[in-house]
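Let me begin by presenting the structure, written as structure tokens, before commenting on it.
Just so it is clear, none of the values below were taken in a lab; they were calculated from the coordinates. None of these values were measured; they are calculated from a predicted model. Cβ coordinates were reconstructed from backbone atoms using ideal geometry, including for glycine residues, and neighbour counts include every protein chain displayed.
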Amino acid sequence: MSSSQPPDESDFRIGPYRVLRHIAQGGMGAVYEVEDPETGRHYAMKLGALRGGEAERFGRIHAALSPLSHEGVVKSHTAGVTPDGRAYQLLDFIGGEPAQVFAKSMGRPGDPQRTTAVITVAIHVAEALHYLHTHEIIHRDIKSANVLVRTDRSACLIDFGSALMPGLSHGHGRFVGTYTYAPPEQLRAESVDARSDLYAFGVLLYRMLSGVKPFDGTTPEALMRQHLTETPASLDQRLTSLPPRVVELVARLLKKDPAARPQRASDVIIALRESAERL
């Protein structure tokens, strides 16, 4: 079996865990929903490809995440290596939908119901980011697919494969992340910090509120140029019904210079809560 092919799910186990379905495929391997046959509990299992170095990285990610306890950060339960040499990580299975899918289900952009729902979710995301940042973890890949919204409108951040955290190399000199959401400094493979996550969060918030991405380049090169040199249309040019405080906040989050953005997720939380109170 090649390292890029998901295992046959018809009769496949990872240790004692029974595979229920394939959820996603990425550069670091596959993600499955699995079941513990003894308890019936479901988990998400990240299974690495057959190549060296991943067991150590999975282990270090688990070591950094396992002490954390926040409803907005996926819980890591264990990490190890399968008999055939694949690194794996066992995480909570989050029963939710991607942030943009949730936003779309709340109505048309500009509808009060959608705006209220998006701001509610955004507060949860900002709180999770604040928690991560106080524990010296930078996610580096905030995007719709990595923000799952539960039925109670709480949100959970998943997929820390690109994260910058204690005990892991920083990856300077190469791009890590997703072009649609990445801040200028990340695209230039420079040092990143909490303000870099806030930029990506601004891209996500812009998209959830307006239904469109702030930058519409169709290639990585076009997206890089837009993030580096172009100012997106203000949200109030797209919609006239959004709270001015939110429009101003998103514009600040998308500043090219990290010093011009909100400096901490706690500042974003305050602005969002004040906006929610005025809806």
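Name the residue, out of 112, 166, 83, whose mean-square fluctuation peaks in a Gaussian network model built on the chain with Cα pairs under 10 Å.
Result: 83 has the largest fluctuation of those listed.
Pairs 75/213; 75/255; 75/143: which exceed 26 Å Cα-Cα?
Flagged as over cut-off: 75/213; 75/255.
How many nm separate the modelled label positions at residue 274 and residue 150, each set 7 Å beyond the Cα in the direction of the Cβ?
Modelled inter-label distance: 3.0 nm.
If I fit a long axis through the Cα atoms of helix 265-277 and take the longest principal axis of the Cα atoms of the chain, what angle between them do I get, 0 to 90°, rounded to 10?
Long axis of 265-277 versus the principal axis of the chain: about 60 degrees.
Once you charge only the Cβ atoms, +1 for Lys and Arg and -1 for Asp and Glu, what is the size of the charge dipole of the range 9-92 about its Cα centre, to the nearest 20 debye?
240 debye
Suppose only helical runs count, i.e. DSSP H with n ≥ 4. What mean residue ellipticity at 222 nm does that imply for the chain under -39500 (n - 2.57) per run, divided by all residues and rounded to the nearest 500 deg cm²/dmol?
On the way: 9 runs with 100 residues, N = 279.
Helices in the chain give a 222 nm mean residue ellipticity of -11000 deg cm²/dmol.
Spelling out what I want: for every residue of the range 102-111, take phi, set θ = phi - 60°, compute 6.51 cos²θ - 1.76 cosθ + 1.60 (Karplus), and round to whole Hz; glycine and proline get x.
4, 4, 4, 6, 8, x, 6, x, x, 4
Comparing 107, 29, 15, which has the greatest mean-square fluctuation in the GNM of the chain with Cα pairs linked when under 10 Å apart?
15
Each residue of the range 200-217 in turn: what ³J(HN,Hα) in whole Hz from Karplus with 6.51, -1.76, 1.60 and θ = phi - 60°, glycine and Pro shown as x?
4, 4, x, 4, 5, 5, 4, 5, 5, 6, 9, x, 10, 7, x, 10, 10, x
Mind listing the phi-derived Karplus ³J(HN,Hα) values for the range 218-230, rounded to whole Hz, using 6.51, -1.76 and 1.60 with θ = phi - 60°, and x for any glycine or proline?
Result, rounded to whole Hz: 9, 10, x, 5, 5, 5, 4, 4, 5, 4, 7, 10, 10.
Once you have a ≥ b ≥ c as the square roots of the Cα gyration tensor eigenvalues for the range 223-279, tell me rounded if a/c is under 1.5, and otherwise prolate or oblate according to whether a/b is larger than b/c.
oblate
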